[in-house]
Amino acid sequence: MTSMTEQNRVLIFDTTLRDGEQSPGATMSHEEKLEIAALLDEMGVDVIEAGFPIASEGDFAAVKAIAENARNSVICGLSRANLADIDRCWEAVKHARRGRIHTFIGTSPLHREITVLTQDEMVERIHATVSHARNLCDDVQWSPMDATRTEHDYLCRVVETAIKAGATTINIPDTVGYTAPRESADLIRMLLERVPGADEVVFSTHCHNDLGMATANSLAAVEAGARQIECTINGLGERAGNTALEEVVMAMRVRNDIMPFSTGIDTTKIMNLSRRVSQVSGFPVQFNKAVVGKNAFLHESGIHQDGVLKNVQTFEIMRPEDIGLTAKNIAMGKHSGRAALRAKLADLGYELGDNQLKDVFVRFKGLADRKKEVYDDDLIALMQDTASTGEDDHLQIRRLRVVCGTDGPQEAELTMQVGGSERSIDATGDGPVDATFNAVKMLYPHDANLELYQVHAVTEGTDAQATVSVRLSKDGRVYTGQSADTDTVVASARAYVNALNKLHTHQNRVNNTALMNSAG
Ligand code: KIV
Ligand code: ZN
């Protein structure tokens with residue numbers, strides 16, 4: 001007999017690295033995927049869907065590496081309903097302590113028409129593919145894509161087939177974000193009541209946010225008996241995105257009186273993950289986003305401020321520290337010492353060794369010289385500035401001067417270390433950033449595509465730091481660079497050069513391997 005606690009435990013299945021990354025423009029590099037997976041694992045996510053192994057060599061390599069490195073989470077890969085996809089998926093996830101194969105097929109009339117399968121043929125396909133997956137792996141998840149637009153009788157039939165063939169989790173996707181809370185609950189209830197063997201598997205819900213109901217639909221499904229929620233950090237995902245992990249987890253925690261469910265998530269890790277996913281995906285978090293938006297704990301109006309000062313509970317239903325936001329946003333300045341910086345960074349979740357602190361302190365002093373007050377967000381930007389180390393980097397910016405304004409051409413004078421030699425060039429462009437990027441490209445010619453260039457102000461005020469993200473792609477691989485500076489053009493140049501250094505390192509590695517192979 002299962003205890004009440006076991007019955008009410010909801011598994012969190014994170015698909016930021018698969019459905020989230022599938023979102024146009026949200027591509028992440030191999031290293032970034034590994035970093036996000038490690039953070040998800042540490043946060044207590046039960047299952048990480050790490051990618052779609054057959055989609056590309058890059059996807060396969062990422063899922064395999066994540067599987068090899070995972071400590072606690074189950075690592076899952078996605079596969080279509082064919083044997084080659086499933087085999088490839090298994091090749092990647094079998095390296096995990098606990099691996100899962102997730103296989104799916106579109107079951108609604110619209111999807112059946114595309115796959116040109118009759119209802120009977122599709123049932124046969126489901127039986128064959130799920131059995132094949134189950135012969136490889138004990139943990140098999142099956143999804144009828146577009147379930148919410150599939151005829152109920154047929155949905156019961158395909159779910160029963162998948163269970164008989166050995167599926168251990170049945171995921172019910174609302175692929176186009178079409179359902180509503182009551183219908184979402186009724187669907188799960190109907191399947192639990194009608195499908196033989198339904199009580200022996202875990203039912204899961206997978207919602208998209210096209211009508212803004214993904215969180216409500218997922219929670220309704222849980223109330224009806226689903227015990228796994230598929231979600232992404234910041235609700236990242238195709239079109240309007242997927243169910244946001246932080247929303248469902250915090251909703252069940254804050255309103256545990258009416259939703260008595262628990263998860264294994266350490267909620268104090270939420271904010272850090274939200275920031276990292278936003279940064280590596282290049283998708284900003286809207287200011288008024290539930291739970292993780294910049295304004296989610298900000299009280300501007302007089303009535304609210306007054307109430308919060310007297311008793312925080314008047315206008316706050318969660319504590320900032322519950323999601324890992326430090327309560328003390330006290331600005332630091334150029335007189336702040338090393339010990340204060342260490343303590344402040346520890347508060348923000350960064351534990352630094354002595355050498356690392358030495359480096360960060362030098363950069364903090366540089367920033368404090370240019371900016372009167374250094375806020376928490378400035379320090380986070382400083383910590384996330386991937387372009388700031390690099391004595392051994394192939395490309396290093398030595399000097400940059402830019403001329404811009406209403407008259408005349410925009411010009412950049414750039415001096416850069418390229419390998420062993422220092423080179424200088426003048427370039428023009430359509431604006432200061434374009435002129436700077438042209439100068440970099442003249443000193444280091446390359447044929448990578450610029451996929452994303454994005455600027456964010458870290459704090460308010462005209463002396464605010466800008467964080468810049470640059471994403472390049474070449475031969476199906478992605479290289480990203482990030483930098484922060486009070487000068488937007490300098491941050492842009494450093495982010496661009498940072499991405500080029502990663503590209504250079506990768507190409508060097510490929511060339512060396514080719515050389516060794518030809519020598520051997
Ligand atoms: O939205 C969807 O249907 C999916 C499936 C592949 C689970 O992402
Ligand atoms: Zn989806």
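The values are calculated or read from the model by the stated rules, or taken from the named source; none is laboratory data. Only a predicted model underlies this, so the values are computations on that prediction, with no experimental measurement involved. Cβ: placed from backbone, ideal geometry, glycine included. Neighbour counts: every protein chain shown. Please note that ligands, DNA and RNA were not included when accessible areas were found on the heavy atoms of the full protein model with its side chains. Shrake-Rupley method; radii C 1.70, N 1.55, O 1.52, S 1.80 Å.
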- Residue count for the range 195-205, restricted to those that are in contact with a Ser or Thr (Cβ under 7 Å, 6 or more places away or on another chain) and either of a type in the set (Phe, Trp, Tyr) or within 14 Å of ligand 1 (Cβ to nearest atom) (or both): 2
- Task: Could you list, in sequence order, all residues of the range 170-226 that are of a type in the set (S, T, N, Q) and over 19 Å from residue 13 (Cβ atoms)?
- Result: none
- The number of residues in the range 131-150 that are within 16 Å of ligand 2 (Cβ to nearest atom) and crowded, with 19+ Cβ neighbours inside 10 Å is 9
- Task: Specify the residue that is nearest to the chain's Cα centre (by Cα); the eligible residues are those in the range 354-377 that are part of a helix (DSSP H, G or I) and in contact (Cβ under 8 Å) with a residue 60 or more places away in the chain.
- Result: 377
- Tally the residues that are touching a Pro at 6+ places or on another chain (Cβ under 9 Å) and either of a type in the set (Val, Ile, Thr) or outside the structural domain of residue 147 (by TED's automatic domain parsing) (or both), restricting the search to the range 169-222. 3
- State all residues of the range 156-183 that are within 12 Å of ligand 1 (Cβ to nearest atom) and in contact with a Phe, Trp or Tyr (Cβ under 9 Å, 6 or more places away or on another chain); if no residue qualifies, say none. 169, 170, 171, 172, 173
- Message: I'd like the full set of residues that are under 16 Å from residue 201 (Cα atoms), open to solvent by 10 Å² or more (accessible area, probe 1.4 Å) and part of a loop (DSSP other than H, G, I, E, B), limited to the range 5-23.
- Response: 8
- Number of positions in the range 415-438 that are surrounded by 15 or more Cβ atoms within 10 Å (Cβ to Cβ) and farther than 24 Å from residue 469 by Cβ: 2
- Query: Is there a residue being open to solvent by less than 10 Å² (accessible area, probe 1.4 Å) and assigned to a loop (DSSP other than H, G, I, E, B) anywhere in the range 241-255?
  - Reply: yes
- Task: Within the range 1-32, count every residue that is within 13 Å of the chain's Cα centre (by Cα), within 16 Å of ligand 2 (Cβ to nearest atom) and of a type in the set (A, V, I, L, M).
- Result: 2
- Residue in the range 388-403 that is least open to solvent (accessible area, probe 1.4 Å), counting only those that are hydrophobic (A, V, I, L, M, F, W, C) and touching a residue at least 60 places away in the same chain (Cβ under 8 Å): 395
- Task: Output the strands (runs of 3 or more DSSP E) that fall wholly within the range 397-471 and possess 2 or more residues being under 28 Å from the mean Cα position of the chain (by Cα), or say none.
- Result: 449-457
- Query: Is at least one residue of the range 141-155 assigned by TED's automatic domain parsing to the domain that holds residue 231, more than 14 Å from ligand 1 (Cβ to nearest atom), among the hydrophobic types (A, V, I, L, M, F, W, C) and under 23 Å from residue 193 (Cβ atoms)?
  - Reply: no
- Task: Kindly check whether there is at least one residue in the range 184-196 that is within 15 Å of ligand 2 (Cβ to nearest atom) and open to solvent by less than 30 Å² (accessible area, probe 1.4 Å).
- Result: yes
- Check on residue 274, more than 27 Å from residue 188 (Cα to Cα) and either within 16 Å of ligand 2 (Cβ to nearest atom) or crowded, with 20+ Cβ neighbours inside 10 Å (or both): yes
- Being farther than 23 Å from residue 242 by Cα and in contact with a Ser or Thr (Cβ under 8 Å, 6 or more places away or on another chain), is that true of even one residue in the range 70-84? yes
- Could you please give the count of residues in the range 327-360 that are open to solvent by 30 Å² or more (accessible area, probe 1.4 Å) and at negative phi? 23
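Among 486, 513, which is the only one that is free of Cβ contacts under 8 Å to residues at least 12 places away in the same chain, farther than 17 Å from residue 396 by Cα and open to solvent by 20 Å² or more (accessible area, probe 1.4 Å)?
None of the other options fit; the residue is 513.
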- Message: Given the criterion at negative phi, open to solvent by less than 10 Å² (accessible area, probe 1.4 Å) and either free of Cβ contacts under 8 Å to residues at least 60 places away in the same chain or not charged (D, E, K, R) (or both), identify the matching residue among 176, 159.
- Response: 159
- Given the conditions (1) without any contact (Cβ under 8 Å) to a residue 60 or more places away in the chain; (2) away from ligand 1 (no atom under 16 Å from the Cβ), every one holds for residue 276 apart from (1)
